[in-house]
1. Can you give the accessible area per residue of region 333-423, in Å², using a 1.4 Å probe?
2. Report the FRET efficiency, 1/(1 + (r/R0)^6), for SER246 and CYS442, where r is their Cβ-Cβ distance and R0 is 60 Å, rounded to 0.05.
3. Quick one: ranking ASP269, ASP394 by accessible area, 1.4 Å probe, largest first, what do you get?
4. What's the ranking of 355-361, 407-413, 213-219 by average number of surrounding C-beta atoms within 10 Å, highest first?
5. Please label the shape of region 200-336 as rounded, prolate or oblate, based on the square roots a ≥ b ≥ c of the eigenvalues of the alpha-carbon gyration tensor (a/c under 1.5 means rounded; beyond that, a/b larger than b/c means prolate, else oblate).
6. In nm, what is the difference between 0.36 nm times the number of residues separating HIS235 and THR132 and their Cα-Cα distance?
7. Under the classification rounded if a/c is under 1.5, otherwise prolate if a/b is larger than b/c and oblate if not, where does region 322-364 fall, given a ≥ b ≥ c as square roots of the Cα gyration tensor eigenvalues?
8. For a 22 Å ceiling on Cα separation, which of these pairs sit above it: LYS346/LYS410; LYS316/LYS373; LYS281/LYS308?
Amino acid sequence: MSSLAAFVRVSGLPNSSFLVGYPGISATLEALPPRRRCVLLVSIANVAIVTMVVLGISVAPKTAFACADNYTFVLSTQPRIEGKVEIRPSQGYSAPVSISLVRICLQRRETIHPAAENMARRHLGTPRRETTDVVGKELLLFRCASGKEAEQVVAMDLPFVLFIPYGRGGEEINRRIPPATLSLPSRTAETFYELVVTVQQGPSFQNKYAFPVPIQRYDTLSTFGMYNRPESKQHSADQIVHLAISLPKWSYGPLDPITVYIKLSPNPDWWNKAKRVTIQKITLAIEEEITYNPEGDEPTKKTNRLAKHTQAVNTKMPEAGYFTNLGLVFPARDLRDANGIVNRAKAGFPLYEVSSFTTSSTLYKIEFYLTVKAQLTSARDITLRTPIVICPMDQQACKEEMDAIEQAAKDASTVDANNPMLPAHSIVLASDRDHLKSLGLCLVQGQKKPYIE
């Protein structure tokens with residue numbers, strides 16, 4: 001039996017990548033009710049405007065409809081990875097390879113090394129921690145016939161579809177929506193995905209082949225309705241002066257303007273103390289908070305200030321209060337080098353215009369906060385911190401994605417996760433007649449020659 005290693009390649013759809021659909025736009029098509037009057041039950045998560053064709057109603061991917069007959073349906077983009085595993089001889093053009101078993105899975109590798117930013121701590125601190133999980137389920141693509149150790153294969157094409165979990169399985173790791181691919185500077189935290197093809201050749205010879213696949217999340221797009229509701233918050237340090245802020249929206253991308261409406265008001269019950277207060281300055285800052293090992297026993301937090309704007313006031317506290325608004329532009333990373341050329345991204349990692357964004361995974365969590373600080377005299381300084389969502393795409397890019405999400409939802413309505421209707425496998429065995437034809441060869445007087453139709 002031949003023990004030659006096989007040549008394995010994974011190819012995606014023509015003129016497309018492996019990933020189809022939009023991870024993070026969760027839920028799935030469950031049931032389609034009759035044409036009856038439905039009551040709209042709006043979900044607070046993952047709201048994006050998509051057209052529901054059947055009833056002519058504009059709905060959201062995770063918006064449910066409850067009807068008189070207790071039917072419920074929700075809309076989704078059915079995020080999935082589609083492709084084909086191609087196996088050919090690795091040595092020579094026509095030497096058959098032994099194939100017993102072929103499996104494929106999507107694998108996520110996460111690593112953290114908080115000390116990697118400092119050269120000394122990198123070597124003296126704790127080592128890099130890594131974890132590996134299978135996303136969804138592993139698929140069995142081929143198994144040789146019962147009673148055989150292996151099949152002698154000349155060419156093998158095995159189509160597959162791997163459905164990405166959409167978060168409806170509770171807290172089980174393999175059912176959670178996978179976090180987006182990301183690599184922080186100095187690789188202090190990293191999430192990496194790869195398609196892993198396992199090929200068993202005979203009873204004891206097994207090889208694994210990995211192919212990087214970038215995964216992005218689309219549930220933080222700033223164009224979603226849930227992020228365009230005003231958010232208000234109020235705080236006081238000593239009950240003499242109250243600080244209140246209002247955000248018109250709370251999802252932002254690179255170079256998106258951030259505007260905060262601010263009100264400093266005295267406590268009318270303590271006006272004698274409040275009228276002595278002088279407002280010195282007001283500071284607005286954007287902070288990134290990275291939590292390493294958030295689900296462990298000893299989580300570590302690190303806070304980075306990304307941008308700051310200070311407005312000098314130097315005004316006595318008015319009886320009616322002090323109103324102002326401050327603005328910032330969320331910083332972006334220039335993808336071009338000194339010559340104006342956009343360099344190719346590292347394999348498996350998309351090019352982002354931000355160094356990080358809102359995400360949560362097993363080993364680390366990244367959150368962003370808007371901090372407003374009012375520095376006062378004759379009263380305590382007041383600091384108010386409110387969370388915001390950072391998306392890797394700016395406002396214009398988010399708008400452009402909406403039409404594509406709508407089309408993906410329409411396409412997903414024809415996809416059945418239990419029976420995805422894949423093309424047939426193509427397997428050419430060494431015992432097949434004209435098996436060399438699949439390799440572009442033919443036998444002429446006992447010699448292998450290029451096949452010309």
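1. Each residue of region 333-423 exposes 53 Å² on average to a 1.4 Å probe.
2. Calculated transfer efficiency: 0.20.
3. The ranking, largest first, comes out as ASP269, ASP394.
4. 213-219, 355-361, 407-413
5. The shape class here is prolate.
6. 32.8 nm
7. oblate
8. LYS346/LYS410
The values are calculated or read from the model by the stated rules, or taken from the named source; none is laboratory data. This structure is a prediction, so every number in the text was calculated from the model and none was measured. All Cβ positions, even for glycine, are placed from backbone atoms using ideal geometry, and neighbour counts span all protein chains on display. These area figures cover heavy atoms from the full protein model, side chains too; ligands, DNA and RNA do not enter into them. Shrake-Rupley method; radii C 1.70, N 1.55, O 1.52, S 1.80 Å.
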